[in-house]
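Okay, structure first, notes after.
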Amino acid sequence: MAKSKASAPAAGTAPAPAQPASKPKTGDGSPIRHLYLVDGSGYLFRAYHALPPMTRPDGTPINAVYGFCRMLAIHLDDPEVDHIAMILDAGRTTFRNQIYDKYKANRPEPPEDLIPQFPLIREAAKAFNVTVCELEGYEADDLIATYARLAVEEGGSCTIVSSDKDLMQLIRPGVDMMDPIKQKKLGPEAVMEKFGVTPDKVVDVQALAGDSTDNVPGVPGIGVKTAAQLINEYGDLETLLQRAGEIKQPKRREALQTNAELARISKQLVHLRDDVPAPADPDTFDKKRPDPNVLLPWLEQQGFKSLIAKYTKELGEATAPVAPAATAPLPPKKTEPMKPAPAAHAKPNRPFTTADYELIRDEAALDEWISEATKAGVVAFDCETDALDSNNAGLVGVSLALLDGPWGNVNSTRRRAAYLPISHRAPGGTKKAEAQGALDLGGADERADGDGKLLPDQLALETAIAKLKPLLEDPGVLKVGQNIKYDMCVFERHGVRIGPVDDTMLLSFVLDGGKHGHGMDELAERYLDHKTIKFSDVAGSGAKQVSFDRVPIERAMEYAAEDADVTLQLWAQFKPRLAHERMVTMYETIERPLIPVLLSMEQAGIKVDAPALKRLSADFEKRLGELEREIHKIAGREFNVSSPKQLGEILFDEQKLPGGKRSKTGAWSTDASVLEELANAGHPLPVKILEHRQLAKLKGTYTDALVRELDAKTGRVHTSYHMTGAATGRLASTDPNLQNIPVRTEEGRKIREAFIAEKGHKLLSADYSQIELRLLAHVADIGSLKEAFARGDDIHAITASEMFGVPVKGMDPLVRRRAKAINFGIIYGISAFGLAAQLGIGQPEARDYIAKYFQRYPGIRDYMERTKDFARKHGFVQTPFGRKIHLKFINDKSQGMRAFAERAAINAPLQGGAADIIKRAMIRLPQALKDAHLEARMLLQVHDELLFEVADQEIDKTKEVARTVMEGAAKLSVPLVVETGVGLNWAAAH
DNA sequence: TGCCTCACG
DNA sequence: GACGTACGTGAGGCAC
């Protein structure tokens, strides 16, 4: 393997070998069959980042050592392993520093709580009776290379326990690697995946690509991908450098020619020496049985209970008395502070049986229930309908549930629930057949013809409504529902304005947002230990599903009464927690009051120009057909352009275009960034694909779908807002989603133009300017940012000016763009990778920007650290208004999951705070408009924007009210600014 | 049903 | 000296 350069690297500069580099004299060990070489410090870093924080009873951090011991135990148990040693770095400077003084120069200090763990792994190795090897002047990697060579020369084989990519060059027949965390063997395939070349060419690739963590320079502008391509083409580095003049791309050619020497130095740095003086005979690395008198007391001192148990069983108790750990034990640190739900509440008051439920078949029974409910002061209720769309669904039945005793008596052991069937019909038609008729006919009542006759012994709809109305509107009776907005919508179409209400879904969201979902089935299982009857159990599923009015009444009762019953019991658990967990204000002043506001927005809907959408759709279809023909022509065969799988095969397997990335599942990635790169490289096919993708998306997701969503009765589109969908407190919009209507491209804006105002009206758009950045300046308390906002300055320009030291006046737009990307990155929990991708720059440059940013705004870094610490300690973060966002993975054992949760933790108070602010504005707006005698209606919310429909003559006044209310929705240490626009359509209002 | 892709803030 | 990458959503089409 190692060719000419094995001897090249500055033989004279290396410390003089103390012994010959060949195999030293034999010790007392046996010959090697299989040698395991553990990269000790490499493993320690891996384990440190992979495991959640742990401490010894005396407070010493211990997670990495624990991981190390677990790994050692596994290898010692492995019968394949007959020899094992741990290799360590002896010091920080090595012969490589003489070749290149900046080698590993930019390496940051290890994390604070890892440092005390370094000496402990030496102790650990000793306790487990494993030899430790190190050599002054060389890195552990060189020693590993040398021992690997010796093992193979002796006729044995070797496994290097490490995932350090720098060691991959050593893989060859007889030598492989093992990822110590994933317990996965790494062979030539893993090398090919990582470097795109065979193991013997790894050093050449690394020499070209360089390595920022080790500060290996490489050739600027060449990364691993390009390097692999070049090496595979030219065979090796030296040939490539000599023939660099043949390279077509001018930039690449120039880079290689001017940096040839840098590449050669880099190669010396990355190439591992396998001829260093081995400090011990590898035969002496034979696996030895640990001494229980050494191992057990040591494990005891660390508090590794599972390992103590394992080795006590295998080795027997320690026989010699041992000195106890010298340090005084401290109480262990808590790492899992999330409070479970109170145990007393984990069980239902009484087991669920249908015997608790009854049917309300006549007026007398209903009167009795209404009277009881009124006396109780709190009633859970739920309505069943024949469709999901609350704007059109017909009422099929109502269920009620009561606690025994006056309201507030949540500890009552008795409860009752009942179902009032109203519009059940004889079985017959399926849902699909039914939907056909529903379009032309009005309510459920008129659909009595055909096979579905109304069943007997049900109260008439009018009677039921008339009797329920006083109860549902009684200000002295609290109506509890699960997602009660839905029920309010249904009843409002029958002239009933339900109130006051509580919503178990919202209570759960306010208390436990981010911990879990808030659907009834999940809540019942989690808090009541009860599996609810599923809708599909009573109504069937798929094509055979029937609407609820076709479900037999007895069966319907079991399902429906259970819903009310469960709702009431959930309420009994959640409501007391509200005050206890200090979430009353959030619930009472933000979430609950928002219900009727959203309801009226959903009912209002927005007018859509259907003919325009249809024209657009036809136009898109025509162009899609043309594009498809062109694409097939270029590709040389027909295939489904909408199939990423087929497309990937065409591009990368058949046409062999460069730059293919694989996704997690191994499929070719064909997303926009990949296609754009190919397009920039001059390939014609990706350009057409991108265009096709865009049009197909617009047609499929918007033009066609929106026309389908038009409500036959109102001629408008009615979305529905979900209050508990986003953990941060944002709303979500579905059926259709009106929060992602295109706006960024020209073609897309044509769709937005189809959202229009009623005759004599205009659309008014009011949106918060930079609300999340303002919140950041506020919560992190950054003086200069706050002042800039107070002055009304261009915040991205100010950031750029302060970071790069350039004046705002006459600023290069590119500089401002970078600052803008960084500002957004900060809000998202910045990473060099993300920023690099966003700006299309290299990661080192991105890292540099981030460092500059934090240098200028250290307060923001402090804020981020504080936020993460808080999240780790409490399991949630909070917005300035008190909303809690739980981060269930913040102390996860996976480093990836923790990093993810940390970024979310940084983002959540900002995104959630912005959501709180606009919700506060939305709650005040209806009354403010009314007070100003304005008819304007609020139609849509898109996170930081509100859209109103306004009569022409009221535009100026409405604009003023909207701005005043929105800007006054929160009192922060920075001003809130709202920008408005007016137009005949939504695009024009921007 | 899971995955990929892409529309929005 | 490793890992996976910006935060939060919903919807449509494909492949299984």
Reported set for region A:621-669 where residues are among the aromatic types (Phe, Trp, Tyr) and away from DNA strand C (no atom under 14 Å from the Cβ) is A:652
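What do you reckon, is residue A:246 in the same structural domain as residue A:29 (by TED's automatic domain parsing), farther than 30 Å from residue A:137 by Cα, of a type in the set (Asp, Glu) and surrounded by fewer than 16 Cβ atoms within 10 Å (Cβ to Cβ)?
Judged against the criteria, residue A:246 is a match.
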(1) outside any helix (DSSP H, G or I); (2) free of Cβ contacts under 8 Å to residues at least 12 places away in the same chain; (3) within 16 Å of DNA strand B (Cβ to nearest atom) all hold for residue A:638 apart from (3)
Residue pairs qualifying under the 6 Å Cβ cut-off, at least six apart or on distinct chains, with the first in region A:819-832 being on the phi < 0 side of the Ramachandran plot and the second being of a type in the set (S, T, N, Q), are A:819/A:799; A:821/A:838; A:823/A:799; A:828/A:907; A:832/A:843
Condition set hydroxyl-bearing (Ser, Thr, Tyr), assigned to a helix (DSSP H, G or I) and more than 16 Å from residue A:420 (Cβ to Cβ), scope region A:546-587, selection modelled with the lowest pLDDT: answer is A:585
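This table checks each residue for (1) surrounded by 16 or more Cβ atoms within 10 Å (Cβ to Cβ); (2) in the same structural domain as residue A:159 (by TED's automatic domain parsing); (3) under 29 Å from residue A:264 (Cα atoms); (4) more than 16 Å from DNA strand C (Cβ to nearest atom).
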residue: A:61; (1), (2), (3), (4): yes, yes, no, no
residue: A:67; (1), (2), (3), (4): yes, yes, no, no
residue: A:92; (1), (2), (3), (4): no, yes, yes, no
residue: A:102; (1), (2), (3), (4): no, yes, yes, no
residue: A:114; (1), (2), (3), (4): yes, yes, no, no
residue: A:117; (1), (2), (3), (4): yes, yes, no, no
residue: A:120; (1), (2), (3), (4): yes, yes, no, yes
residue: A:123; (1), (2), (3), (4): no, yes, no, yes
Of the listed residues (A:841, A:826), the one being under 25 Å from residue A:787 (Cβ atoms) and outside the structural domain of residue A:215 (by TED's automatic domain parsing) is A:826
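Looking at A:938, A:966, which is the one that is part of a helix (DSSP H, G or I) and either in contact with a helix residue (DSSP H, G or I) (Cβ under 8 Å, 6 or more places away or on another chain) or surrounded by 16 or more Cβ atoms within 10 Å (Cβ to Cβ) (or both)?
Working: A:938 fails: part of a helix (DSSP H, G or I).
None of the other options fit; the residue is A:966.
Look at residue A:974 and say whether it is under 13 Å from residue A:606 (Cβ atoms) and β-branched (Val, Ile, Thr).
On the way: under 13 Å from residue A:606 (Cβ atoms): no; β-branched (Val, Ile, Thr): yes.
No: the conditions fail for residue A:974.
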Only one of (1) surrounded by fewer than 16 Cβ atoms within 10 Å (Cβ to Cβ); (2) touching a strand residue (DSSP E or B) at 6+ places or on another chain (Cβ under 7 Å) does not apply to residue A:585, and that is (2)
Scanning region A:818-863 residue by residue, the ones that are assigned to a helix (DSSP H, G or I), within 12 Å of DNA strand C (Cβ to nearest atom) and either basic (Lys, Arg) or touching a helix residue (DSSP H, G or I) at 6+ places or on another chain (Cβ under 7 Å) (or both) total 22
Picked from region A:939-954 (must be of a type in the set (A, V, I, L, M) and more than 16 Å from DNA strand B (Cβ to nearest atom)), the residue nearest to residue A:718 (Cα to Cα) is A:950
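Of the residues A:972, A:910, A:976, which single one is more than 12 Å from DNA strand C (Cβ to nearest atom) and more than 22 Å from residue A:597 (Cβ to Cβ)?
Details: A:910 fails: more than 12 Å from DNA strand C (Cβ to nearest atom); A:976 fails: more than 22 Å from residue A:597 (Cβ to Cβ).
Checking each option against the conditions leaves just A:972.
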Of the residues that make up region A:719-732, is at least one away from DNA strand B (no atom under 14 Å from the Cβ), more than 22 Å from the chain's Cα centre (by Cα) and surrounded by 18 or more Cβ atoms within 10 Å (Cβ to Cβ)? yes
Subset of region A:350-369, residues modelled with pLDDT under 75 and either assigned to a helix (DSSP H, G or I) or surrounded by fewer than 15 Cβ atoms within 10 Å (Cβ to Cβ) (or both), comes to A:350, A:351, A:353, A:354, A:355
Checked region A:729-753 for anything among the basic types (Lys, Arg), more than 9 Å from DNA strand C (Cβ to nearest atom) and either in contact with a Phe, Trp or Tyr (Cβ under 6 Å, 6 or more places away or on another chain) or touching a residue at least 24 places away in the same chain (Cβ under 8 Å) (or both); matches are A:749, A:750, A:752
Is region A:913-925 home to any residue that is within 11 Å of DNA strand B (Cβ to nearest atom) and touching a Ser or Thr at 6+ places or on another chain (Cβ under 9 Å)?
yes
- Confirm whether residue A:744 is within 16 Å of DNA strand B (Cβ to nearest atom) and buried (at least 21 other Cβ atoms within 10 Å of the Cβ). no
Somewhere in region A:914-922, is a residue of a type outside the set (Asp, Glu) and either assigned by TED's automatic domain parsing to the domain that holds residue A:873 or surrounded by fewer than 18 Cβ atoms within 10 Å (Cβ to Cβ) (or both)? no
Of the conditions (1) touching a residue at least 24 places away in the same chain (Cβ under 8 Å); (2) in contact with a Leu (Cβ under 8 Å, 6 or more places away or on another chain); (3) part of a helix (DSSP H, G or I), the single one that residue A:912 does not satisfy is (2)
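Residues of region A:219-263 being in a helix (DSSP H, G or I) and touching an Asp or Glu at 6+ places or on another chain (Cβ under 7 Å), which ones?
So in region A:219-263, the residues in a helix (DSSP H, G or I) come out as A:224-234, A:237-242, A:244-246, A:250-258, A:260-263.
Answer for region A:219-263, where residues must be in a helix (DSSP H, G or I) and touching an Asp or Glu at 6+ places or on another chain (Cβ under 7 Å): A:231, A:237.
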Of the residues in region A:381-391, those that are modelled with pLDDT of 95 or more and either within 15 Å of residue A:360 (Cβ to Cβ) or part of a loop (DSSP other than H, G, I, E, B) (or both) come to A:381, A:382, A:383, A:384
Within region A:136-157, the count of residues that are assigned to a loop (DSSP other than H, G, I, E, B) and buried (at least 23 other Cβ atoms within 10 Å of the Cβ) comes to 2
Among the residues of region A:207-252, the number that are of a type outside the set (Asp, Glu) and over 19 Å from residue A:681 (Cα atoms) is 24
TODO: Answer with yes or no whether residue A:891 is of a type outside the set (Lys, Arg), touching a residue at least 60 places away in the same chain (Cβ under 8 Å), buried (at least 18 other Cβ atoms within 10 Å of the Cβ) and outside any helix (DSSP H, G or I).
DONE: yes
Counting only residues that are in a loop (DSSP other than H, G, I, E, B), closer than 13 Å to residue A:645 by Cβ and at pLDDT below 90, region A:661-690 contains a total of 5
For region A:504-519, indicate whether the set of residues that are of a type outside the set (Val, Ile, Thr), closer than 20 Å to residue A:419 by Cα and touching a helix residue (DSSP H, G or I) at 6+ places or on another chain (Cβ under 9 Å) is non-empty. no
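The values are calculated or read from the model by the stated rules, or taken from the named source; none is laboratory data. Predicted model, so just to flag it, every value in this text is computed and none were measured. Here the Cβ is made from the backbone with ideal geometry for all residues, glycine too, and neighbour counts use every protein chain on show.
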